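The values are calculated or read from the model by the stated rules, or taken from the named source; none is laboratory data. Computed from a prediction, not measured in an experiment: that's the story for all the values here. With ideal geometry, Cβ positions are generated from the backbone for all residues, glycine too; neighbour counts draw on all protein chains shown. Heads up: the accessible areas ignore ligands, DNA and RNA and are worked out on the full protein's heavy atoms, side chains in. Shrake-Rupley method; radii C 1.70, N 1.55, O 1.52, S 1.80 Å.
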Amino acid sequence: MPLVSMRQLLDEAAKGGYGVGAFNVNNMEQIQAIMEAARETRSPVIVQASRGARSYSQDRFLYHLMLAATELYPEIPTVLHLDHGNSVETCKSAIEMGFTSVMMDGSLMPDGKTPSTFQYNVKATREVVEIAHAKGVTVEGEIGCLGGIEDGHGAGLDGLSHLTDPEQAVEFVKLTGLDALAIAIGTSHGAYKFTKKPTGETLKMERLMEIHRRLPHVHLVMHGSSSVPKDLQDIINQYGGKLKPTWGVPVEEIQLGIRNGVRKINVDTDNRLAITGAIRKVFFEKPEEFDPRSYLKPAREAMKKVVALRMTQFGQAGHAGDYAPVSLEEMAHRYHEPVAV
Ligand code: 13P
């Protein structure tokens, strides 16, 4: 099946009461790992690329790899999503390329660092919604700012600054007409999120629930949702790595979020850790190896294991065959007739 709209996947997830992992990619092995995990667990899937990933892969390599994924895994509803679009122009170029979903992150200015104003965010997001919906493409917006600059984007704030204000969230949804809303509840990008295991209080789960109470029909998105498992950290450190002790977002908290309106869960760091650990292990144990396949294969397998586990934990496993894909043309038509969506 062709790439499908993220709105359809999230609407189905809401009906079924489960969440869908959105996994970041830069290269072929990561895409293969996700698609294999999706096949094994029979999961619909969101594959996402940041601006950095688009530039690393010269954009078209990534796009054509995703077309290959849809050819080789026709039974898996697959979304190609732009992660953290920094401007209307960036979103436009992704839509033109064939992305079926875009994030307009107007919570930050186009430099990807400076928190913006509410007015700027509404204007930029609204503009993207108009362009995207005319083509049946989904739009994710963000209100409030995430912390963390570990992976090159984010506000560079500590995890607790600039949390989402529930009242502003309601206003934002009304003014923009977006499909999915990323909220800031104390998570941040990257490996170094917390210096001890976070509680529901550190993560402001109450605030998430409050937003869901006020916006029961809006698909919520949790960014910075890697769990940074100790076993993955240990493999890296055992084979010569130097990660400092750190904690991520416990899976139980994500599952609580899913019971309260979270439909999309962004995971990148856990996969990076799995890949790096597997490569380090080969380099350490077989220093004579020089065929890239000898370390990229175990790296791909390690990422697949993490993704498959998350798919099961988020509840998307088993749902790949639940529905027939709706074309982007039909989605565009439905946006035109809002009652039908
Ligand atoms: P992690 O760094 O926690 O994996 O978050 C990724 C993310 O939110 C991408 O947008």
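Looking across the range 198-232 at every residue that is part of a helix (DSSP H, G or I) and among the basic types (Lys, Arg), the one that is nearest to the ligand (Cβ to nearest atom) is identified as Lys230. Of all the listed residues (Ile265, Ile279, Ile258), the sole one being of a type in the set (Val, Ile, Thr) and over 21 Å from the mean Cα position of the chain (by Cα) is Ile279. Among the residues of the range 11-26, those identified as outside any helix (DSSP H, G or I) and either away from the ligand (no atom under 16 Å from the Cβ) or open to solvent by 10 Å² or more (accessible area, probe 1.4 Å) (or both) are Gly17, Tyr18, Asn24, Asn26. Of everything in the range 75-86 that is under 18 Å from the mean Cα position of the chain (by Cα) and away from the ligand (no atom under 16 Å from the Cβ), the residue that is farthest from Ala132 (Cα to Cα) is Ile76.
Restricting attention to the range 238-278, the residues being charged (D, E, K, R), within 11 Å of the ligand (Cβ to nearest atom) and not in a helix (DSSP H, G or I) number 2.
For the range 277-316, a residue qualifies if it is within 16 Å of Ile235 (Cβ to Cβ), among the β-branched types (Val, Ile, Thr) and open to solvent by 50 Å² or more (accessible area, probe 1.4 Å), but none of them does. Taking the conditions exactly as written (among the hydroxyl-bearing types (Ser, Thr, Tyr), at pLDDT 95 or above and open to solvent by 20 Å² or more (accessible area, probe 1.4 Å)), does Ser87 satisfy them or not? Considered against the rule, which asks whether it is among the hydroxyl-bearing types (Ser, Thr, Tyr), at pLDDT 95 or above and open to solvent by 20 Å² or more (accessible area, probe 1.4 Å), Ser87 comes out as yes. Within the range 98-113, the set of residues being in contact (Cβ under 8 Å) with a residue 24 or more places away in the chain and farther than 14 Å from Ser5 by Cα comprises Met104, Asp105, Gly106, Ser107, Leu108, Pro110, Asp111, Gly112, Lys113. Of all residues in the range 200-220, those that are polar (S, T, N, Q) have Cβ atoms under 9 Å from Cβ atoms of residues that are not in a loop (DSSP other than H, G, I, E, B), 6 or more apart or on another chain, in Thr202/Phe194.
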